[in-house]
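Each remark here refers to the structure printed beneath this line.
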Amino acid sequence: ITIFIFKGKIMNNNPLVFQLSVAKNKPQSYRKDKPKNACPFCDIENLTDIYQREDDLIWLHNKYPTLRDTLQTVLIESSEHHGDISTYTQEHNRKLMHFSLDCFERMNQNIKYQSVVWYKNYGPHSGGSLIHPHMQIVGFEHEDGYKYIHPNNFEGETLFDENGVEVNIAKHPVQGYTELNINLIDRNSIDLWADWIQSGAKYLLNVMYNGRCDSYNLFFYPRNDGGICAKYITRFEAPPYFVGYKLSQVNDEITLDKEAKCFRKFYDKGSK
């Protein structure tokens, strides 16, 4: 653990340890210097260390645990190799959100882990390695995965707040510039929450930035009130203020308001 003092404040920096020797053997879909071998998630018959399964939704151990002192798991979302939240049927997407939330909470109850994180990479700029749609649920033995996250990261310009689901454009983004927060307040409203999550993926890839976004991360955060925030972060090149100083940036109020109205209109049109 590295400890340093900045303007009278004691700061801790305890980075996750990346094991390159393990990463060298990982299958890759995006790197040009890697052979395009058969997709391991399509080869269902040879999957091992499965924790939970429901039809083509499969939660299993990650064969390539690149982070030290963690348990890394993978949740295969679909048997469709090029599938995504934006292309699933409404029924399948709702089923996915019920299943994945159940898996996350099952692991989150294990006292072995100081924290458990749940996220999804999509697209060539997302930091992911495989195209086949999947999420990751990772247990940290000695790390608080939420130490840089604050409750106001889930708040913003509200565009929907009904039936236990609140949706907003973040005013205090984790990275910036435009982040979509889809908050599940009432656990009886998972289907509605899933519908907004699906609409968010479609909006990011087809409408926001005039369709120039081809990658995103979807992060899930436990809220202090017992709810869950699903946060979309578009992936382009990370701004230098965030890379060098962990300073996020946000669009001005006029832009946020415009984006909120546009997303609400998009959802209403798609739900008819």
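The values are calculated or read from the model by the stated rules, or taken from the named source; none is laboratory data. Every value quoted in this text rests on a predicted model; they were computed, and no experiment measured them. Here the Cβ is made from the backbone with ideal geometry for all residues, glycine too, and neighbour counts use every protein chain on show. Side chains are part of the model used for accessible areas, which takes the heavy atoms of the whole protein and leaves out ligands, DNA and RNA. Shrake-Rupley method; radii C 1.70, N 1.55, O 1.52, S 1.80 Å.
Quickly rank 15-21, 259-265 as a protection proxy: mean count of other C-beta atoms within 10 Å, highest first. Don't skip to the end; give the middle numbers.
Numbers: 15-21: 9.7, 259-265: 17.4.
Listed from highest to lowest mean packing, they are 259-265, 15-21.
Towards the positive end of the charge dipole of the stretch 151-269, with charges on Cβ (+1 Lys, Arg; -1 Asp, Glu), say which of Asn224, Asn206, Gly164 has the farthest Cα. The one lying farthest along the dipole's positive direction is Asn206. Distances between placed amide hydrogens fall under 5 Å for His172 paired with Glu155, all partners being 5 or more residues away or on another chain. With R₀ fixed at 35 Å, the C-beta to C-beta distance from Tyr146 to Ala38 puts the FRET efficiency at about 0.45. Per the Debye formula on identical point scatterers at the alpha carbon atoms of the stretch 151-269, with no solvent, log10 I(q)/I(0) at q = 0.12, 0.16, 0.21 Å⁻¹ is -0.39, -0.71, -1.23.
For the chain, what does the alpha-carbon gyration tensor say about shape, rounded, prolate or oblate, given a ≥ b ≥ c as the root eigenvalues, a/c under 1.5 as rounded, and a/b over b/c as prolate?
Working: a/c = 1.40, a/b = 1.08, b/c = 1.29.
Rounded shape, in that the Cα axes give a/c under 1.5.
Relative protection proxy for 84-91, 251-258, from highest mean packing down: 84-91, 251-258 (other beta-carbon atoms within 10 angstrom).
Heavy-atom accessible surface of the chain, averaged per residue, reaches 54 Å², computed with a 1.4 Å probe. Which residue, Leu101, Gly123, Leu75, has the largest displacement toward the positive end of the dipole of the chain when charges sit on each Cβ (Lys, Arg +1; Asp, Glu -1)? The one lying farthest along the dipole's positive direction is Gly123. Here the simple spin-label model places points 7 Å from the Cα toward Cβ, and for Asp102 and Asn188 these points are separated by 2.0 nm.
To the nearest 20 debye, what is the magnitude of the charge dipole of the chain about its Cα centre, counting +1 on the Cβ of each Lys and Arg and -1 on the Cβ of each Asp and Glu?
Details: 31 positive and 34 negative charges, 193 e Å.
It comes to approximately 920 debye.
Just to check, using Stokes-Einstein with a Kirkwood Rh over alpha carbon pairs, what's the diffusion coefficient of the stretch 202-259 at 10 °C and 1.306 mPa s in µm²/s?
On the way: Rh = 13.5 Å.
It comes out at roughly 118 µm²/s.
Once the Cβ-Cβ distance of Asn210 and Glu54 is raised to the sixth power relative to R0 = 51 Å, the FRET efficiency obtained is 0.85. Taking the 1.4 Å solvent-accessible surface of the chain as the whole, the part contributed by carbon and sulfur is 50%. Under 5 Å from the amide H of Tyr51 lie the amide H atoms of Trp59, Leu60, His61, each residue being 5 or more positions distant or on a separate chain, with H modelled from the backbone and absent for Pro and chain starts.
Which length gain, in nm to one decimal place, applies between Gln109 and Tyr241 when the Cα-Cα distance is subtracted from 0.36 nm times their residue separation?
Values: separation 132, 0.36 × 132 = 47.52 nm, distance 3.57 nm.
Once the chain is fully extended between Gln109 and Tyr241, it gains 44.0 nm.
Any chance you could check the Cα centroid distance between the stretch 156-171 and the stretch 197-234 for me, in angstrom? One Cα centre to the other: 13 Å.
May I ask for the percentage of alpha-carbon pairs in the stretch 23-140 that lie more than 26 Å from each other? Please report the intermediate quantities before stating the final value.
Details: 1175 of 6903 pairs.
Cα-Cα pairs in the stretch 23-140 separated by more than 26 Å: 17 percent.
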